[in-house]
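The structure appears below as structure tokens.
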Amino acid sequence: MSSAKPESGSPAGDRRLLWLGVAAYLTLIFAVMLWRGISIEPQWVVLALLLVAVALGRGRVFLTDWLPFLVLFFGYEIMRGFAGKAGFPIHDVSGLERALFAGTLPTLTLQHMFYDPSRIAPWDWVGMVLYFLHFPLPIVVGFVFWVNDRSHYWHFISALLLMSFVAFVTYLFFPTAPPWYENQGEGVHKVINETVTKWGVSYIVSPFYSNLNPNKFAAFPSLHAAFPALAAIYAWRSYRLLAYGLVVYTACIWLAVVYLGEHYFVDVLAGLAYAFAATAVVALVVARRARRAS
């Protein structure tokens, strides 16, 4: 992983110790939130990272760089909820899924093999945790970029927002139903809801975020699949070790969202395509600006 020059001249060993402390701090916070049934939302993640930025002596710069992103991201979330009320017909892409997998649905196959409605299996826990890390992961990765290279951070965040807003347009004009909604009659379970019920907790959501009205017909493309893929793409050149971890994480979340009944595999493929497209557009804009500047 590339590293920025420490502002205070601290040795590299102190820098590594700092990052280990940050990782332990975030892991503890997110673990407690999940354990106590609190939904991990963007504002909590950014607030946790603000404390780290203050410890680094960069609190004011953090507010300058991150508040616009947070406002835009919440704006996207509000519009995503609106898209579900626009009245466009709901589409079913299960036929495309069956065409791709010789008449079968991977969600049904995975749930028949691994899901037990009477108990919570270890992979149910893992899948649910991966699913709820949807917001923290790109924000934490963006923070790593921000600490080391603000320019790289802005490129990544620009691609993230571009991808999210293009996905919103898709949700608006081409709303699609997830497997748990479209294929209930065939035995598809909404594993997350059933797991939370069996666990016996009710997820606590902030009053602000509860008013965003998440869109249950925002399955295509899968941003759960696209966010970690985009993070891996931007980490690949200069943060190779992080990129390897993100590639593994991306593969796991792809498997998880299909098993949980939240997305078809074609939704996942669409999310990957949107990630590459957003990366390409931002790269073209950056290159064009660089040519003009020169």
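Key figures for this structure:
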| quantity | calculated |
| --- | --- |
| Trp123-Leu72 pseudo-label distance in nm [points 7 Å out on the Cα-to-Cβ vector] | 3.8 |
| FRET efficiency estimate (nearest 0.05) - Cβ-Cβ, Arg240 to Ser158, R0 25 angstrom | 0.65 |
| Rounded FRET efficiency, nearest 0.05, which uses the C-beta distance separating Asp116 from Ala277 and R0 of 45 Å | 0.70 |
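Only the coordinates and a few stated rules stand behind these numbers; no lab work does. All values derive from a computational prediction rather than experimental measurement. Cβ: placed from backbone, ideal geometry, glycine included. Neighbour counts: every protein chain shown.
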